Amino acid sequence: MTTGQTRPRRAPANRARISALARRWLGIAAVVGALGAGALRAGPIEDDAPRFRDAAVEVEPALAVDGWQLPFATRDRSQIKTIAVVSEFGAPRQSYRRGHRHTGLDLVPRPKPRGYVDVYAMANGAVCSIHLSDPHPTVVVKHRLADGSLLYTSYKHLGGIDVRNGQQVTPATKIGRLYTADEARRLGGNYDHLHLEVRKDFADYGVASWLTMTRRELDARFVDPLLFLRRHLAAASSRPAAPTSAP
């Protein structure tokens with residue numbers, strides 16, 4: 001240091017420590033505040049759900065599930081090879097809300113017949129919601145499992161609906177039909193497939209189908225339908241088959 005220069009003053013050690021602690025606590029407070037705000041603020045799913053409450057009904061399935069089948073009248077409704085997958089569960093989508101997660105499995109029968117493709121309930125249950133209009137008409141079926149717990153299956157992109165809210169259904173019950181390719185083109189998309197969901201609950205009244213943005217939200221409300229079918233159809237294939245069409 002040259003003559004005439006002033007030596008820099010050092011802050012007392014205790015003052016430096018206090019400043020460091022203050023910065024640390026301010027940082028922690030900011031994080032806690034952000035977490036608290038997020039915990040208290042309802043997200044888009046919770047905000048939008050009330051709009052669809054009136055489309056749902058309170059109903060209890062008269063029969064417990066005694067087996068699962070594919071939702072189409074294929075040559076064998078217990079064989080996964082009789083369907084073709086159009087789009088898988090969990091993929092990011094750019095429709096409606098960009099980047100939302102695909103909450104279902106898009107599928108068609110294999111081979112896909114010409115004309116109308118009928119859609120059937122996958123198991124015993126009761127229709128608890130019918131909502132949305134073209135090109136997304138949706139029927140939701142509530143199922144009671146053998147242990148008393150509940151599960152829901154949702155059937156979307158129906159060009160025609162043959163059930164009503166509150167109706168009891170079995171695997172022989174026709175839910176509706178898919179759009180034809182011509183109908184889908186007129187609606188401006190490739191809607192001639194079934195968007196099938198397996199849901200853990202239906203507290204969102206259906207809006208999570210297009211507002212689920214993260215894997216955590218996806219896994220909280222939905223089950224991968226392809227994994228579900230593989231697991232439960234394998235068990236069903238060892239039992240006598242139920243009718244493959246409505247009586």
- Message: Can you report the number of residues in the range 50-59 which are in a loop (DSSP other than H, G, I, E, B) and surrounded by 11 or more Cβ atoms within 10 Å (Cβ to Cβ)?
- Response: 2
- Which one is farthest from the chain's Cα centre (by Cα), of the residues in the range 74-102 that are in a loop (DSSP other than H, G, I, E, B) and closer than 15 Å to L196 by Cβ? T74
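Values quoted throughout were computed directly from the atomic coordinates according to the rules given, and no laboratory measurement underlies them. None of the values given here were measured: they were computed from a predicted structure. Methodologically, a virtual Cβ is constructed for each residue, glycine included, from the backbone with ideal geometry; neighbour enumeration extends over all protein chains shown.
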